[in-house]
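Report on the following structure.
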Amino acid sequence: MLSVIYCQDASNARSKRERAYDIHIRYLGTIKDRIRFAGPLATADGARGQGDENLIGSLFIMDEPPSVARELMQADPYVLAGVWQGISVFQAHEVFGRWTSAEAARTDGSLYLTLARGGDANLVAREIALFGAKLQAETQPDALPATAWSAAAIFTAPSLPAARSMLAQNPTAGDRGTETWAVPISVGTWIHAKRFS
């Protein structure tokens, strides 16, 4: 069972992220076998993974049920340091993409993530999706109402504007309250090119 976790940064997260970065990475190393994908989300290409003004949050995909994924995220040093103002946990349904198949998890180009607030899981064409899923929210008191996402897609593109245009080219995507971010660095068992420290 896969869980998708969206962590929204607090308004003053930049300095807190810088201070807690090393211990956060060490913590992720202790749970690395459970993490399929993890990365910060950026509003611009060229962002760095630590202390960058363009970072707005993080996304994780874990090979755990939502209740366990929530417990693991609550123990993350970013929560304890106040980097994330809220965590929303979703169970993934109708999962598709190259990362979830037997195909090697090689990626060419930069990674981008799109989340949508409505519609089906087809945010990008299935043949370009590294990961796609329909999301069902786990009801929790600290989940953020503004992050009631219903679908997710991770894919590669040459730039953030190009990634956004790939959504418009998909006739089933439509305007469903989508947000698309660059993923400047990523780790996890689906990302073979990068490893945890």
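General observations
- The listed residue being of a type in the set (D, E, K, R), touching a His at 6+ places or on another chain (Cβ under 9 Å) and surrounded by 17 or more Cβ atoms within 10 Å (Cβ to Cβ), out of 52, 9, 45, 76: 76
- Residues being among the aromatic types (Phe, Trp, Tyr) and out of contact with any Asp or Glu (no Cβ under 7 Å at 6 or more places or on another chain) - total across the stretch 40-95: 2
- Sole residue being of a type outside the set (S, T, N, Q) and over 27 Å from residue 151 (Cβ atoms), chosen from 64, 18: 18
- Applying the criterion of being in a loop (DSSP other than H, G, I, E, B) and touching a strand residue (DSSP E or B) at 6+ places or on another chain (Cβ under 9 Å) to the residues of the stretch 95-106, the residue that is modelled with the lowest pLDDT is 105.
The values are calculated or read from the model by the stated rules, or taken from the named source; none is laboratory data. Because the structure is a prediction, the values reported are computed rather than measured. We place every Cβ from the backbone using ideal geometry, glycine too, and count neighbours over all the protein chains shown.
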